[in-house]
Structures are given as structure tokens and as C-alpha cells.
Amino acid sequence: MEQKINKKYSHIAVMKKEIIKYLKIKKNGIYVDATFGYGGHTKEILKKLGKNGKIYAIDKDPEIKKEAEKITDPRFYFIYGSFSKIYNYATKLGIKKKIDGILFDLGVSSPQLDNPKRGFSFINDGPLDMRMNQKNYISASKWLRKEKEKKIFIILKKYGEERYAKKIARAIKKQNKKKIITRTNELANLICSTIPKSKKKRKKHPATRSFQAIRIHVNQELKELDIALKNILDVMNKKSRILIISFHSLEDKKVKNFILNNSTYNNIPKKLSILENNLQKQKKIRLKNIKKISPNKNEIKKNPRSRSAILRVSETL
Ligand SMILES: C[S@@+](CC[C@H](N)C(=O)[O-])C[C@H]1O[C@@H](n2cnc3c(N)ncnc32)[C@H](O)[C@@H]1O
């Protein structure tokens, strides 16, 4: 599969070797890459698939769609949309309960982050947008304009763990009353001027956390993940693999709980064994927890953006 998406920007797929190892690819199996991006993982999966194998790749970004549709490999099928609709897609395509492996590589790709036109970059100026798909939700600029200060504070605190969330939220609302913030540089500069000078020497750009938080909110990333996790077990084959790479602690917590809730019985004290027995009868165990993996030092050195990645592997029963 030759893919040349927007050559100026590139994306390095994380934990490629580990993904291939833990997907345990069957030559003629059916696989889903729920976050196609620049196709780094799909390409590796295709190398392992036989002529009757199939990979369905999902992405909601229109830039990705344009390029993915140029791919002519008959084993590849592109779905333009959100992975939260996995149940609908699987039903429509007749692959419900037939999927042998699925991969989620959550978040945004490097080109989405780096291309200033997309409005995610606090380094290079662009329109303050941050949407993976402009037909979904509202732009970051519009959200900051319409939202209450308290809610902005909560988002910055919760999704960005930003220490100065309160000050930043206040500064945003104040600025928007004078002149609406429409450019990424305007927001980045405002955040820099809000954070106390002595704290600015930290390794990360002072706007990193706020931009991350706003991006997660604008794209409803956690909600998308919740819906996907709710439906995923109903589309997978028996003994199929579910691989999820997350880059944010809140995402990883959701993935961890999903695996835990579906792979264990409630932790009930031994003396309540009758109750436990009843619960065990009621609750269906549907998953086996396989492994949690982080990128090795070498990978982090070559691709610093991989440093926060956590891969969780589970298998359906
Ligand atoms: C980290 S990148 C994936 C990179 C890819 N694995 C590769 O190797 O090139 C995440 C991709 O998922 C897409 N994405 C994020 N959330 C999505 C969602 N809810 N539905 C569909 N695509 C989504 C983004 O547009 C982006 O292209």
C-alpha cells in the first residue's frame, strides 16, 4: 500500500512491532483499524494478511479520506466517519461478530497537530479550530466564546491538569469581551502572559496543557471512546484481539476499567460467598486481560511523541 498523504507533514506509527505481535493476525481474518491516520499500522497489518484477509480502516478526518480513497488494495476498505459508530458500520458491512482484531490509536496524528491550518498548533499560527472534522461539533474559537468561564476552567483542569486553569479561563473570557480570539497564536500568547513568569521556564510550552484540554473537549474524544467501548464487544468475533493505545491518563483509565469490568467478577469479601455466587451467575465475563505495554526507551528517543503511549491488549472469550 503506497500512501503519500501531504508529504510536508508525517506521522510515526507507535509500537508497530508490538501491535503486530499482539494482534495475532490470521491470514484470512477480518481486522479494523479504528484510527487510520497516516496508515502506519494498517500498512503493517496488510503485510501479514493473506489474499482473502480484509482490513476496514476508519477515520473522521476529511484530509485523510481524500488520500485513503486513492488506495486500491482490494483487501483495504475505508470508512469515513467516527469510530463511535462501529456497531452501525459492522452491521451495515456484514462483519458483526466476525472481526478478529481491532486497533485504536487514540488522539490526533502529528500532521493534524503540526499543520497550522488545522488550528491545533500553539507554535505556528493558524485559525483557532482544532476539529478533526469541521462538520462535527464547534470550533475551539466558537466554544471559548460561547462557554461559561467556570466550564472552561473545569475543562482546562480536568483534561489538561493545568495548574493555572482558573486564571487562564478568566483571561480568555476577558479577552473575548474585548476582541474574539480567533487565532492559535492569540490564545497561546494570552496563556503565556497569564502564567507567572517564574513558571515559564518549564520544559513544555506553557500552552501545551490548555491546548490539549481544549482539543479533547472540542472533539468530544472521551465521549467517542465511551460509546466505542460500550459497543465493541458486540461486534467482535470469539477469541479476537482488542488493542487500544491511549495518550492521556483519563483515556487509559477508561480502557483499563473496560477491560477490568469485562474480565473479572466484582471484588466481594469471601464471607459473602452466596452473594458472590449469585453475582457470578449474573455477570458475564467476556474478556481476558492480556497485557499492558509502553514504548521502549529506543522508540521514545526516536519518536518523543510516543512517550505517553500506553497499549492495552485484551482478548474476547
Ligand atoms: C494517532 S492518529 C492514528 C495514526 C495511525 N495509527 C498511523 O499510524 O498513521 C489518530 C487518528 O484517529 C482519527 N480519529 C480520532 N478520533 C476519531 C474518532 N472518534 N473517529 C474516527 N477517527 C478518529 C484522527 O483523525 C487521526 O487521524
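The values are calculated or read from the model by the stated rules, or taken from the named source; none is laboratory data. Please read all numbers here as calculations on a predicted model, not as lab measurements. We place every Cβ from the backbone using ideal geometry, glycine too, and count neighbours over all the protein chains shown. The accessibility values were calculated without ligands, DNA or RNA, using every heavy atom of the protein model including side chains. Shrake-Rupley method; radii C 1.70, N 1.55, O 1.52, S 1.80 Å.
Observations
- Legend: residue pairs K65/K157; K92/K253; K157/K230, Cα-Cα distance threshold 28 Å; pairs beyond threshold, K65/K157; K92/K253.
- Rounded accessible area per residue of the stretch 138-218, 1.4 Å, Å²: 57
- Cross-link partners of K24 among aspartates and glutamates, defined as those whose alpha carbon lies under 15 angstrom from its own and excluding same-chain residues fewer than eight positions apart: D33, E44, D100, E315.
- Alpha-carbon spread of the stretch 138-218, three principal axes, descending order, Å: 32, 25, 19
- Annotation for the stretch 39-99: trypsin sites (Lys or Arg not before Pro) lying in DSSP loop with at most 10 further Cβ atoms inside 10 Å of their Cβ are K51.
- Computed extension length for S10-I123: 39.0 nm, one decimal, from 0.36 nm per residue of separation with the Cα-Cα distance subtracted.
- Relative to the globular-protein estimate of 2.2 N^0.38 Å, the Cα radius of gyration of the chain stands at 1.08.
- About the Cα centre, charge dipole magnitude for the stretch 138-218 (Lys/Arg +1, Asp/Glu -1 at Cβ), debye: 280
- Taking amide H positions as modeled 1.01 Å from N, with prolines and chain starts lacking one, the residues under 5 Å from G126 and 5 or more places away or on another chain are T184, N185.
- Net charge dipole size for the chain [Lys, Arg +1 and Asp, Glu -1 on Cβ; Debye, nearest 20]: 960
- Comparing D125, D33, D59 in a Gaussian network model of the chain, where Cα atoms under 10 Å apart are tied by springs, the biggest mean-square fluctuation is seen for D125.
- Added length on full extension, which subtracts the Cα-Cα distance from 0.36 nm per residue, K166 to K253: 28.8 nm
- Partners for K179 among lysines (Cα-Cα distance below 16 Å; same-chain residues under 8 apart left out): K142, K146
- Take the Cβ atoms of E186 and K150, set R0 to 25 Å, and the FRET efficiency comes out at 0.65.
- Cα-projected label distance for K158 with D226, points at 7 Å along beta-carbon direction, nm: 0.8
- Computed over protein heavy atoms with a 1.4 Å probe, the carbon and sulfur contribution to the accessible area of the stretch 138-218 reaches 52%.
- Taking a straight line from the alpha carbon of K301, these aspartates and glutamates sit under 19 Å away, with near neighbours fewer than eight places off in the same chain left out: E18.
- Selection from N189, I216, L243, by position along the positive dipole direction of the stretch 170-247 (Cβ): N189
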